[in-house]
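For reference, the structure discussed in these notes is given below.
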Amino acid sequence: MGIEVNFEGKIALVTGASSGLGARFAKVLAQAGAQVVLASRRIERLKELRAEIEADGGAAHVVALDVTDYASIKSAIAHAETEAGQIDILVNNSGVSTTQRLVDVTPEDYSFVMDTNLRGAFFVAQETAKRMIARAKGDPKKQHRIINIASVAGLRVLPQIGVYCMSKAGVVQMTKAMAVEWGKYGINTNAICPGYISTEINEDYFASEQGRKLIDMLPRRRPGKPEDLDGLLLLLAGEDSHFINGAVISADDGMTAM
């Protein structure tokens, strides 16, 4: 007995794929056999990632997507399905943050975070789900997967990023609402809540004095690596997760257990 990881014939859309966790998610799914659709605003970075995936024997497509623009969302998902085929897996990963005290948050700061992390994530999932639901009505056995990337910040308040925490808490509740409403159509919607993960975006911070102090406060005094999420991603994206729906799973090395 064992879990087979084979995504051949599957189409996976990964948002925020131009760097960090999104790029890693796309590579992992491509290595498992999926055709991946890479989506973000930074097209040149996506083209570089597509070249890497193809050099490793995978298949990838590139679409421009600004999750803060509703028209862009609709256009990108239509383009993705025209280019690659019907989307089986959505990894809803786009996210931004600001660092400041709540009393210093401006309306522009608030909109910057919420429009990407919550509003954008919702409408990407909604537009994808509309197509998934239409297919499920024609084929009740059809299975789809939506994986929302939340954060431990959606489960506990972290200092200086209060608005980000609020946005990711919204993603947690959004995931549960989607699971309840869309589960009958064979769509399993779950959320991954990563802890502190070292990527090219924050590795300089973790190397700084303030970053090292933060690491010393973690349960095992280490940040995670993008590859630490590989197993969870593959589980939730695969057929073996058919009984996992509405789950909010921390991958934080014990941080939320403290």
Average accessible area per residue (Å²) across the chain - probe 1.4 Å, nucleic acids and ligands excluded: 49
Global form of region 62-104, assessed from the alpha-carbon gyration tensor, a/c cut-off 1.5: prolate
Percent of Cα pairs exceeding the 24 Å cut-off, where the set is region 11-250: 44
Lysine pairs with alpha-carbon atoms under 28 Å apart, region 25-152, spacing 8 or more or separate chains: 13
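What is the gain in length, in nm to one decimal, between residue 43 and residue 82 on full extension, counting 0.36 nm per residue of separation less the C-alpha to C-alpha distance?
On the way: separation 39, 0.36 × 39 = 14.04 nm, distance 1.80 nm.
Stretched out fully, the residue 43 to residue 82 stretch lengthens by 12.2 nm.
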With 5 Å bins from 0: P(r) over region 82-215, alpha-carbon pairs, percent: 2, 10, 18, 19, 16, 13, 9, 6, 4, 2, 0, 0
Share of carbon and sulfur in the accessible heavy-atom surface of region 25-163 [1.4 Å probe, %]: 51
Spin-label model distance (nm) - residue 242 vs residue 202, 7 Å beyond Cα toward Cβ: 3.7
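The values are calculated or read from the model by the stated rules, or taken from the named source; none is laboratory data. Note that the structure is predicted; figures quoted are calculated from it, not measured. Cβ coordinates were reconstructed from backbone atoms using ideal geometry, including for glycine residues, and neighbour counts include every protein chain displayed. Note: accessible area is taken over every heavy atom of the protein model, side chains too, but ligands, DNA and RNA are not part of it. Shrake-Rupley method; radii C 1.70, N 1.55, O 1.52, S 1.80 Å.
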